[in-house]
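For reference, the structure discussed in these notes is given below.
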């Protein structure tokens, strides 16, 4: 039998069966539902941000015109706000817009804030509320395209490959093709390749199709690179499951046994190992306590308040760049509040540092442990590609901190001097623009994860293919 | 006859190495989950209680202060861990654990523990509830799938029927046999495990916790029965072992992993919630403009002033024997409270509507129903959270009113520099959370209970109506 006719025969056999088409239909529906959910969420976020930015713009235009009129000596204009009031009137939101592939995953974006109205107060005060979401939904997680790929796509692959060898034996067709003048290994691999090619082509087609249908613009910066990474990730994860299927088939058991073993493997990889890792990591490296942080914060601010004037003058003496005179005018309550706030923040710096390093320790341990489950690796890779991973939020958070500091530095001087806001000040105020992570760093991170998926794939796959030659007519 | 069949099934089960291994593994996992759960919950409970104490200490020792400054200083309260939360963490990691009670404002709960966890945490938590909801059904399915399909395939089913054994007798026998084998493992382990830990954990409110625990066991037993009957019905109605197994595994997958997420998305679409920005903007708009939009703050203040003058029979604020600023502040508090009640109430009602929909979706996936019951009984669902939030808010309102009244009665209008004595703050009682009883919890679980009952009836009906194979 020629190689091409072998391919054709296998394809005809697959296409003539009703099961693959039925599975495909289900998978198509599930994928579309996932994409729709992702689209809805990205749409909601974009609408929220539009509302926020429009509101900010309107406020700024009004403030600017007031300041301009005042600068031109218009005596009918209202008196411009001074000090802290000026700062608070000039604040706008620092927003993190969804990335180009946002519709493909919800990821961590239902948990982390994507806008903040930075002020001269401490970060704890302007980040005082979490994003609204029913905690029951947070617990369940979202049905997005990334979920479909991590959990359901392996099931589709396994459903079509669990009986490549055993099915022939069950039907009694095995002796027939073993008597053909081609090696059994080639027949099996062709069979496998046809089925796998079918699933992979469909999955990749569906992913990219859904990306485009949900409005991913291919001309956006990094969109094509990220989409290619998405495809690569899906491919690598698919190969992992095929390797497992080959290895299980090579054991030469019955179809029912294969199904059970493969489902067990799936359960292990997508449920048991991840939740065990989560349990072990949080036990060995417990999350630092926000509760303790809350009490520490209050204690520190009470201590600063108790020192009162002493704390204020200490702060002013240490920061001559902010308060040239070294003292506050009587009645400058905001200047006093800010000085005490900064003394509190300074006192808490070691506490926050300890908190952050405990968090880093936990994350590092969790990142190392995810090697044990390609499902975690894929999930992190897909979230990262879609701009929905924790890394992007940390990137945003770091920029938010830098902006907050710049904002404070700019306005503190004016608060301590209780200066009126001028048109020139307003024009010179720090602005926030989120700078997206470089495509290179996303590519590097994701490729690293995929490499970790490929290692077990190659090992298990090589073992399986090697063993397939020993497949016998009657099974072992 | 039924007894004999049951005994035969049970004996077979106990002789089966796979059953012994699987049960041992399951029990091991469950005990580990219970032990870690108990350790974590207890540590958190201690931490929250200690933090609450500390914060109360800060409040009591804040020194001589103007009562309104004290109200601004306020108090942080922490959500206590419920005694049964170690069995099922529920949404505890996804709700804030603390809120700041201060003047003028109902704050949201912040500090969700999930925000400080690695991404892997969202694959699920390793709790006793997870073992009971996911793994036990899997064990049941793996044990029960060949019950009829196996006998059908080997031809022994027809033999039995030919011998004159009624199909329904056979069903009863098999169901009882399998259930007893499972019960022999699960029931003592559950009672022993949870019982020991519960005694160690010092059950807070005696009978109610015991009742909750008993109800929880009941809910899980009902759930297991549903799964067992479904498995038997599928086994009885399919032609071969393979199809029975694959059908049941597909059911398990949809039930455990697919449905919960699919329904979460559905629920939030059916009953949408606002963004945090929109929510706060709404609260602010209503507090500033008045609920009906035609009641600016100044007009309200004027009305309060007139009422105060009438009440104290004077003609000017200067002649008022009390502090009008405090009266005005309290009036503004009471107005703002109606705004908070509306907005927070609407938000929590929306959550409740979502969760009721989720419970009804248990008609597709019984797991959703039992999960809701389990969390509710463990005191780790959103209703429990809401109850705590409401009590904390009522405490806040009482506290602020107390400071305003004290300020009103002890000063005259404009005396902002006046300070209350330092020993005053201890006179307001500390916040003690009074958790709802079980009956109140079950009020929000009607849909979940109905769903489990419907499942049981339908599955029993399907099993009962299976025709016997023809013996001709």
note = Flagged in the range A:388-430 as under 30 Å from residue A:223 (Cα atoms) and either free of Cβ contacts under 8 Å to residues at least 24 places away in the same chain or in contact with a strand residue (DSSP E or B) (Cβ under 7 Å, 6 or more places away or on another chain) (or both), in numbering order, are A:394, A:397, A:398, A:400, A:402, A:403
query = Does residue B:163 fit the bill of being more than 14 Å from chain A (Cβ to nearest Cβ) and free of Cβ contacts under 8 Å to residues at least 40 places away in the same chain?
reply = yes
Boolean, residue B:114 is in contact with a helix residue (DSSP H, G or I) (Cβ under 7 Å, 6 or more places away or on another chain) and at pLDDT 90 or above = no
request  = Could you grab me the full set of residues in the range B:97-129 that are within 18 Å of the chain's Cα centre (by Cα) and more than 7 Å from chain A (Cβ to nearest Cβ)?
outcome  = B:109, B:127, B:128, B:129
Residues of the range A:62-108 satisfying the condition of being touching a helix residue (DSSP H, G or I) at 6+ places or on another chain (Cβ under 7 Å), within 14 Å of another protein chain (Cβ to nearest Cβ) and in a helix (DSSP H, G or I) = A:103, A:107, A:108
Test: residue in the range B:311-330 that is surrounded by 16 or more Cβ atoms within 10 Å (Cβ to Cβ), touching a helix residue (DSSP H, G or I) at 6+ places or on another chain (Cβ under 8 Å) and under 24 Å from residue A:127 (Cα atoms) = no
query = Do we have any residue at all in the range A:175-189 that's touching a strand residue (DSSP E or B) at 6+ places or on another chain (Cβ under 7 Å), farther than 28 Å from residue B:259 by Cα and surrounded by fewer than 20 Cβ atoms within 10 Å (Cβ to Cβ)?
reply = no
note = Scanning the range B:136-155 residue by residue, those facing another protein chain (nearest Cβ under 10 Å) and at pLDDT 90 or above turn out to be B:138
Residue satisfying all of: in the range A:270-292; more than 8 Å from every other protein chain (Cβ to nearest Cβ) and assigned to a helix (DSSP H, G or I); modelled with the highest pLDDT among these = A:273
Complete set of residues in the range B:368-404 that are within 30 Å of residue B:318 (Cα to Cα) and in contact with a helix residue (DSSP H, G or I) (Cβ under 7 Å, 6 or more places away or on another chain) = B:397, B:400, B:401, B:403, B:404
ask   = Applying the selection to the range B:48-84, what residues are more than 10 Å from every other protein chain (Cβ to nearest Cβ), crowded, with 21+ Cβ neighbours inside 10 Å and part of a strand (DSSP E or B)?
value = B:77
ask   = Can you pull out the residues in the range A:308-336 that are in contact (Cβ under 8 Å) with a residue 12 or more places away in the chain, under 44 Å from the mean Cα position of the chain (by Cα) and not in a loop (DSSP other than H, G, I, E, B)?
value = A:311, A:312, A:314, A:315, A:316, A:334, A:335, A:336
inquiry  = If I go through the range A:372-392 residue by residue, how many of them are more than 16 Å from residue A:154 (Cβ to Cβ) and outside any helix (DSSP H, G or I)?
reply    = 4
query = Looking at (1) closer than 30 Å to residue A:96 by Cα; (2) in contact with a helix residue (DSSP H, G or I) (Cβ under 9 Å, 6 or more places away or on another chain); (3) in contact (Cβ under 8 Å) with a residue 40 or more places away in the chain, which is the one condition that is false for residue A:294?
reply = (3)
ask   = Would you say residue B:195 is modelled with pLDDT under 85 and not in a helix (DSSP H, G or I)?
value = no
query = For the subset of the range A:13-34 comprising residues that are more than 14 Å from every other protein chain (Cβ to nearest Cβ) and crowded, with 16+ Cβ neighbours inside 10 Å, which member is farthest from the chain's Cα centre (by Cα)?
reply = A:14
query = Which of the residues belonging to the range B:318-369 are within 11 Å of chain A (Cβ to nearest Cβ) and free of Cβ contacts under 8 Å to residues at least 60 places away in the same chain?
reply = B:348
query = Are any residues in the range A:35-54 under 26 Å from residue A:209 (Cα atoms) and more than 10 Å from chain B (Cβ to nearest Cβ), and if so, which ones?
reply = A:35, A:39, A:42, A:43, A:46
key: Matching residues, the range A:328-358, being at pLDDT below 90, buried (at least 16 other Cβ atoms within 10 Å of the Cβ) and out of contact with any helix residue (DSSP H, G or I) (no Cβ under 6 Å at 6 or more places or on another chain)   = A:332
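The values are calculated or read from the model by the stated rules, or taken from the named source; none is laboratory data. Bear in mind that the values here come from a model prediction, so they are computed numbers and not experimental data. Note that we place each Cβ from the backbone using ideal geometry, even for glycine, and neighbour counts take in every protein chain shown.
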